[in-house]
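In what follows, a structure is listed as structure tokens, so that the remarks can point back to it.
The values are calculated or read from the model by the stated rules, or taken from the named source; none is laboratory data. Because the structure is predicted, anything quoted here is derived from the model rather than measured. When we count neighbours, we look across all protein chains shown, and the Cβ atoms used for this are built from the backbone with ideal geometry, even at glycine.
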Amino acid sequence: MSCAPSWDRESLIRELDYVGRIFRWSEDSKGRKLFWKCEEIIDKLKGGLTEPVVSRATADDSITSQNTASPSANYTGYPLLLMVYKAYEILSAFQDAMPEKQPDAPKDIKDGYHDEIPYVHSNTQSKKKRKRITMKEYYSYKLQVSKDEGLHVRLAGHLYQQYVVDAFSCIEQAHLWWLRTHQTELRSDLYSTVAKKYVSGESEISNVGKGFILPVNFLGSQRYMQQNFQDALAVYRAVGHPDIFLTISCNPLWDEILQMMKVVPGCSPQDSPDIVARVFHLKLEQLLDDIKKKNYFGTCLGVMYFVEFQKRGHDRATIEITSHKQKKEVEDEEAVDEINAYFDGRYICASEASYRIFGFPIHHRSISVVRLSFHFLVEKSCTFTENETLEKVVRCEKFKHSQLESFFILNRSDPNARQYTYDQILQHYVWNETDRIRTIRKKGKQIGRLLYTHHSAGELWYLRLLLSNIRGPTSFEALKTINGVQYRTF
């Protein structure tokens, strides 16, 4: 923190009030002394002291001419100037009293986040390969209530909320920056297109494929919302429409929250979004446990919920029981910068920032939904990096079966599998991503869903329709064959 003398009375009062509120409940003598000094100077500044008729340059020269370590002891003729330099001494001392500068703070984080903080594995058998902690993990640690770390920042009121929002904004911006700078590294295109490029003598992989924008697993992106909507419809088709609608809203007067306020004296639930978010998540998990395991509302076949963050008010989770129609629009062919569209104009409240920093889910389904891809013959999608050669991509993808191709192979080898359609097969067989094969399911439950396709897609839409209704097809030709007659199109 860099401090400089302020010549604006109101700004100086605001700065001192901020420092005073932080150290008001300090347990060390240095912090309490700073608090009382702040209160004393604020009272004097509000008491009608006026600045003498003197230019800033003259005042600076006058101060500089005195070789003294305590300018406040020599300028009784300049009341406001005296208060300014007294305040400057306090604001300078504030830097040394910040939690990050305390000697008992952990060595690797006392200077704030940087990308060289080591990841210490508490479990020697941990499978994580990362050697450095992420920004999200750092701020998740900083938001924990720990007396060893000091509670000064928590006592800043609305400024603490701003701190939480800024921290989450940094996390999101870093994630979006990574997606933008790595657009060209991960590419995707049809296998037939890659093969044609290779046959024609093309060797530069950077000329093939299109970059990803905001992926489907980026929380809050357009694709994320569309896919979860389609997943919800898949659950409705499998277990029926829900018949119970529940809403749980956060109550800042819950006993657990009030008990934490005693641990952090001087704080209020309104200025403790992290504590409220954690208690709300625990209450939500307890409610789901009562519904799914204790069957308070009868036998439960499936549960879905989503969490809303209000601009005014506290978090709210809604468990839906009714489905509603949603018109799917054709995607605009005009190129859109999805990263900027997501980032610009986004409103983030403190409760959402805390909830997301801790990594709590905002969407949940008790039944797993697997999205099944489908394609025309030799037009399966393949993914590759910019460092690979076309020859390597063609060679690897040629013998790598897609989900649809493995479904055909299973039907040719296993007569029992022929009684199921493509979207039903996952309820009875497990898809092995590594070996690209299907084996009989022994436990668990999954629902398959064919990826959404608009009616205007033509042949692709009809292919999807056939896969949803024909049981046990063994090839693309079998899908085109009806009553022994093979048709030219789907």
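Quick rundown of the values:
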quantity: Hey, residue 254 surrounded by fewer than 17 Cβ atoms within 10 Å (Cβ to Cβ), in the same structural domain as residue 356 (by TED's automatic domain parsing), more than 26 Å from residue 292 (Cα to Cα) and at pLDDT 80 or above or not; calculated: no
quantity: Of all residues in region 277-300 being in contact (Cβ under 8 Å) with a residue 60 or more places away in the chain and touching a helix residue (DSSP H, G or I) at 6+ places or on another chain (Cβ under 6 Å), the one that is nearest to residue 35 (Cα to Cα); calculated: 277
quantity: Of all residues making up region 431-452, the number that are under 30 Å from the mean Cα position of the chain (by Cα) and either crowded, with 16+ Cβ neighbours inside 10 Å or among the small types (Gly, Ala, Ser) (or both); calculated: 7
quantity: Filtered residue count, region 461-490, keeping only those that are among the polar types (S, T, N, Q) and part of a helix (DSSP H, G or I); calculated: 2
quantity: Scope region 327-353; condition at pLDDT 80 or above, small (Gly, Ala, Ser) and closer than 20 Å to residue 176 by Cβ; matching residues; calculated: 353
quantity: Subset of region 417-460 [part of a loop (DSSP other than H, G, I, E, B) and among the charged types (D, E, K, R)]; calculated: 423, 433, 435, 436, 441, 442, 443, 445
quantity: Positions within region 286-306 being loosely packed, with under 13 Cβ neighbours inside 10 Å and either within 26 Å of the chain's Cα centre (by Cα) or among the β-branched types (Val, Ile, Thr) (or both), in sequence order; calculated: 286, 289, 299
